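Accompanying notes for the structure given below.
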Amino acid sequence: MIAVVQFGGSNCDRDAVRALTDLGFEAERVWHEDPLPEETTGIMLPGGFSYGDYLRGGAMAARSPMMNAVGDAIDDGLPVLGVCNGAQVGCEAGLTPGAFTTNASARFQCEHVYLRVENADTRWTSAYEEGEVIELPIAHGEGRFEIDDEGYEELESADRILFRYCDEDGNVIDEANPNGSRGNVAGILGDTESVAVLMPHPERASLPELGNTDGRGVLSGFEG
């Protein structure tokens, strides 16, 4: 069962459950003050505005006792995926390096973007080909990925960058970067392949009736 963690201010938890269920997973929302169900096989940290994004996006949710349970689950090998605000929570909790901060435009960005698959040899990207271009929606005000030089070099050398913002033809250029993220980075791995965060929303591009199913490959990573 995939546990979709619900913090105060989460607003994509129902979307995540519906998308996962449509893919054949058993999924349910779990309030952050409750324990993870014993049958949990994976965890998703969904999008939204946990605690109103006070201090920084994800900063308060990252201090929830639930994140201790998430850390224990990671130690046990369970897959964990953070999306948008969930990505911010993951970074703030130290599940992944770097930080997501205010967009270069200083505006809330809500649009469809193109992503190039940088590493297709992970559980979260194995449904794609390396270099493949997919389209996902974004909706964030603090989606700019930042990391110091040493950390960025480590991500690149260890092949931990999953997606970069690109144009429709797969060119990674400044004009295709919606928020000013360093290196056009849109999604990365944690210290282990079982943990990933990304700013775009795969759950919003997973249902056929929405006309775009490019995000299904990311969510299928819960299968292993």
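The values are calculated or read from the model by the stated rules, or taken from the named source; none is laboratory data. Every value quoted in this text rests on a predicted model; they were computed, and no experiment measured them. Methodologically, a virtual Cβ is constructed for each residue, glycine included, from the backbone with ideal geometry; neighbour enumeration extends over all protein chains shown. Protein only, heavy atoms only, side chains kept; ligands, DNA and RNA dropped before computing areas. Shrake-Rupley method; radii C 1.70, N 1.55, O 1.52, S 1.80 Å.
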Where Ile74 falls short, out of the listed (1) touching a residue at least 40 places away in the same chain (Cβ under 8 Å); (2) closer than 21 Å to Glu142 by Cβ: (2)
Cβ-Cβ under 7 Å pairs, at least 6 apart or on other chains, the stretch 158-186 side within 16 Å of His140 (Cβ to Cβ), far side of a type in the set (Lys, Arg) and surrounded by 16 or more Cβ atoms within 10 Å (Cβ to Cβ): Phe163/Arg116; Asn179/Arg144; Gly180/Arg144; Ser181/Arg144; Asn184/Arg164; Val185/Arg164; Ala186/Arg164
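Taking the stretch 56-94 as the region of interest, how many residues are of a type in the set (A, V, I, L, M, F, W, C), more than 15 Å from Glu146 (Cα to Cα) and either open to solvent by 20 Å² or more (accessible area, probe 1.4 Å) or in contact with a Pro (Cβ under 8 Å, 6 or more places away or on another chain) (or both)?
6
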Failed condition for Ala106, given (1) small (Gly, Ala, Ser); (2) under 20 Å from Cys166 (Cβ atoms); (3) open to solvent by 10 Å² or more (accessible area, probe 1.4 Å): (2)
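So that you can scan it fast, the table gives a plain yes or no per residue for (1) open to solvent by 10 Å² or more (accessible area, probe 1.4 Å); (2) over 17 Å from Ala127 (Cβ atoms); (3) of a type in the set (A, V, I, L, M):
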site: Leu162; (1), (2), (3): no, no, yes
site: Ala186; (1), (2), (3): no, no, yes
site: Thr192; (1), (2), (3): yes, yes, no
site: Val195; (1), (2), (3): no, yes, yes
site: Pro202; (1), (2), (3): no, no, no
site: Glu223; (1), (2), (3): yes, no, no
Test for Phe163: is it farther than 19 Å from Thr213 by Cα and among the aromatic types (Phe, Trp, Tyr): no
Count of residues meeting criterion [more than 18 Å from the chain's Cα centre (by Cα) and under 14 Å from Gly94 (Cα atoms)] in the stretch 37-64: 2
Those residues of the stretch 117-129 which are more than 16 Å from Val83 (Cα to Cα) and open to solvent by less than 70 Å² (accessible area, probe 1.4 Å), in sequence order: Val117, Glu118, Asn119, Ala120, Thr122, Ala127, Tyr128
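Condition first: without any contact (Cβ under 8 Å) to a residue 40 or more places away in the chain, small (Gly, Ala, Ser) and in contact with a Gly (Cβ under 7 Å, 6 or more places away or on another chain). Can you find one or more residues in the stretch 118-134 that meet it?
For the stretch 118-134, residues without any contact (Cβ under 8 Å) to a residue 40 or more places away in the chain, small (Gly, Ala, Ser) and in contact with a Gly (Cβ under 7 Å, 6 or more places away or on another chain): present.
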Residues of the stretch 135-149 satisfying the condition of being loosely packed, with under 14 Cβ neighbours inside 10 Å and not in a helix (DSSP H, G or I): Asp148
Given (1) charged (D, E, K, R); (2) open to solvent by less than 40 Å² (accessible area, probe 1.4 Å); (3) in contact with a strand residue (DSSP E or B) (Cβ under 7 Å, 6 or more places away or on another chain), index of the condition Glu132 fails: (2)
The one condition in (1) modelled with pLDDT under 95; (2) among the hydrophobic types (A, V, I, L, M, F, W, C); (3) farther than 23 Å from Val17 by Cβ that Ile173 fails to fulfil: (1)
Neighbours by Cβ (under 7 Å, 6+ apart or cross-chain): first from the stretch 201-224, of a type in the set (Phe, Trp, Tyr); second buried (at least 16 other Cβ atoms within 10 Å of the Cβ): Phe222/Ile2; Phe222/Phe25; Phe222/Gly42; Phe222/Pro79
Flag if Gly24 is surrounded by fewer than 17 Cβ atoms within 10 Å (Cβ to Cβ), without any contact (Cβ under 8 Å) to a residue 24 or more places away in the chain and among the small types (Gly, Ala, Ser): yes
Test for Val197: is it over 19 Å from Ala16 (Cα atoms) and either within 13 Å of the chain's Cα centre (by Cα) or β-branched (Val, Ile, Thr) (or both): no
